[in-house]
Structure formats: structure tokens, C-alpha cells
Amino acid sequence: MFRSRVELKTPEQLRHMDAAGSILCEALDATVAAAAPGVTTGELNDVFSEFIARRGAKPNFLNYHGFPACICTSVNEEVVHGIPGGRVLEQGDVLKIDGGCIIAGWHSDSARTVILGSSADGTADPADERLSEITKGALWAGIAAFAEAKHIGEVGEAIEEHITSQKGPALGILEDYVGHGIGSAMHMAPDVFNYSTGMKGTKIKPGMAVAIEPMLVRGGIDTKVLDDDWTVVTTDGSRSSQWEHSVCRHEDGVWVLTAPDGGAAELAAHGITPAPPA
Ligand code: MG
Ligand code: MG
């Protein structure tokens, strides 16, 4: 029988992960701020890579199974793993920026969706804004579940519940890509599904850290990989959103490692007060 070994971190190791998460959060702030019509995805990669280098962090995406950049930039029907390059961003684009970095050997991983424009002035599609808002809400519902869950399966149940309880057109939950444990490597056990699998999953213990990352689409959930061997797109061309945070559990509670405030503002709506690792 396959047995996945979950890495349990000491408080000191979680503090390194918190440092990596804080740098990543600020690097994503800078990268999101630079995202605008006329800017290339390659220029965004430069903003990110120069930021983390200045802060003494190493990229963990670069050369990961041969990936050629420090962030993934996935636009519109591109779901994940888009390679930054010469693509020029346009008004109304739905851009997913996924990045990570390493401090003292400890990893962080986080992603955001950026909509270039606003439906308020007609420069973005309100259905894209809804897609991103619901995906972000699903992430925080998953994090809130992780804060109090006994088993990792409860995270996917909460994510699915958040999505299926929304009024309006149904959104698809991607099944081909899932969240993961994180720590001394970027991708570790356990898998963190974005839907109910009908199984409890791994027991949650203090010292556990996971990256929770729901990916939703406005159409069908089938995906394919482009000829660059990386970029994942929806088969039907429908637009997608991804939001991701790295989160840990410890003796005193939960802490969102890649949020500026440990997740306090967003988790307040769920009645949860996060605590930093001691
Ligand atoms: Mg990521
Ligand atoms: Mg991830």
C-alpha cells in the first residue's frame, strides 16, 4: 500500500516558511501592480525575480522540472503553468500569476488572479470578475476549514460547498490539478483536493503546511497541455481563475504564510483568528 509521508515542521521551520511567505506576498504585490495592458508577461517575470533576489530569496519555480521562469503567467483560457515571455497583456484579460520562493531551504507558493480592467467602466467582463471572486472565496473557505479540520478532506468539502452554494451560472472545479503539502520542497504529500472525494484524507497535525489552490472555470473542466509542454488550457477555451495561499497549522492555531496579516482580515468573516507560529 502506498503511504504518503507528511512532513511536520518545527516552529522554527515554520518561521522560515513565514519569512519566505512574506517575501512572496510582497513580490506578488509588486508583480500585480506592474500588470497592465501593454506590459508583457516576461516583464512581470523580471519584476518578480528581481524583487525576491533583492530580498535574498531564491526562486523555486525556475528549473523545476525544467520550467524556464520564476513565475507562471496564465492568461484567459490558460489555466496554469503559462510561461512568461513576449505576450502583451490586453484590457479585459484574466491573468493568473503563480509564484514561489525559498528562504533557508523552506518554500512558499501563492497565486492570484488579476483582471485587467473593470466591469464598472466596461473594460472587463462581469462574468470574469464573478469567476475570480468566487474562486478567491473558495480559497478562504478552504483555509477556514483547514484551520479547524481533523482531516484534509474537509478542505475540499468546504471549497466545493462554497462554489456550489453560489447563485447564478455554475462554475467548473478543475480536477486535473490540486493543492499540496509544502515545506522543504514545493510539492509534497498530501494532495489537497478542491472538491469532496468522499474520503477523509490525511489526519491534520500541528506542524503541517499545505498550499490550497482552487482553480475554477466558466465552462467545461477538460484541459490539455500546449506544444510548449507546460501551458495548460481549457479544451473549450473558457476562462479560468486560480487563487492560492500557503497555510500552516501549529500548536496555537492556523497561520496563512503568504498573506500580509496571516489571513486575519479574510478569516474574521469565518470567525477565525489566526496566530503566528511561536
Ligand atoms: Mg502555485
Ligand atoms: Mg501550488
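The values are calculated or read from the model by the stated rules, or taken from the named source; none is laboratory data. No experiment lies behind these values; they were computed from the predicted model shown. Because the Cβ atoms are built from the backbone with ideal geometry, glycine has one as well, and the counts that use them run over all protein chains shown. Note: areas computed on protein heavy atoms with side chains; ligands, DNA, RNA excluded. Shrake-Rupley method; radii C 1.70, N 1.55, O 1.52, S 1.80 Å.
Things worth noting here:
- Long-range HN-HN contacts of residue 114 with modeled amide H, under 5 Å: 95, 96, 97
- Within the accessible surface of the chain, defined with a 1.4 Å probe on protein heavy atoms only, the carbon and sulfur portion equals 51 percent.
- For residue 171, the amide hydrogen comes within under 5 Å of no other amide hydrogen, counting only partners 5 or more places away or on other chains and with H modelled in the peptide plane.
- Dimensions (Å) - the chain, Cα atoms, principal axes, largest first: 47, 44, 40
- Computed 3J(HN,Hα) for segment 271-278, one whole-Hz value per residue from the Karplus formula 6.51 cos²θ - 1.76 cosθ + 1.60 where θ = phi - 60°, is x, 10, 10, x, 9, x, x, 4, glycine and proline marked x.
- Segment residue 34-residue 226, extension gain: residue separation times 0.36 nm, minus the distance between their alpha carbons: 66.5 nm
- Distance between segment 17-64 and segment 168-203 - C-alpha centres, whole angstrom: 24
- Taking amide H as placed 1.01 Å from N in the peptide plane, the amide H of residue 215 sits under 5 Å from that of 174, each at least 5 places away or on another chain.
- The string of couplings for segment 46-62 from the Karplus curve (6.51, -1.76, 1.60, θ = phi - 60°) is 5, 4, 5, 5, 5, 5, 5, 5, 4, 8, x, 9, 9, x, 10, 7, 4 Hz, one whole number per residue in order, with x for Gly and Pro.
- Within segment 119-217, GluC sites (Glu not before Pro) in DSSP loop having at most 14 other beta-carbon neighbours inside 10 Å: 175
- Net lengthening on full extension, residue 148/residue 252 (0.36 nm per residue, minus Cα-Cα): 36.3 nm
- Each label was represented as a point 7 Å from its Cα along the Cα-to-Cβ direction; for residue 236 and residue 58 these points are 4.3 nm apart.
- Ranking 119, 246 from most to least accessible surface, computed with a 1.4 Å probe over the protein chains only, gives 119, 246.
- Table column - 3J(HN,Hα) (Hz), segment 109-126, Karplus curve with 6.51, -1.76, 1.60, x for Gly and Pro: 7, 7, 9, 9, 9, 10, 9, 7, x, 8, 5, 4, 10, x, 9, 9, 7, x
- Shown for segment 86-222: lysine pairs separated by 8 or more places, or found on different chains, whose C-alpha atoms are under 21 Å apart, numbering 5.
- Compactness of segment 212-278 as Cα Rg over 2.2 N^0.38 Å, two decimals: 1.55
- Solvent-accessible surface (1.4 Å probe) assigned to residue 151 amounts to roughly 40 Å².
- Taking all protein chains into account, the per residue accessible area for segment 1-71 stands at 54 Å² (1.4 Å probe).
- Here the simple spin-label model places points 7 Å from the Cα toward Cβ, and for residue 88 and residue 264 these points are separated by 4.4 nm.
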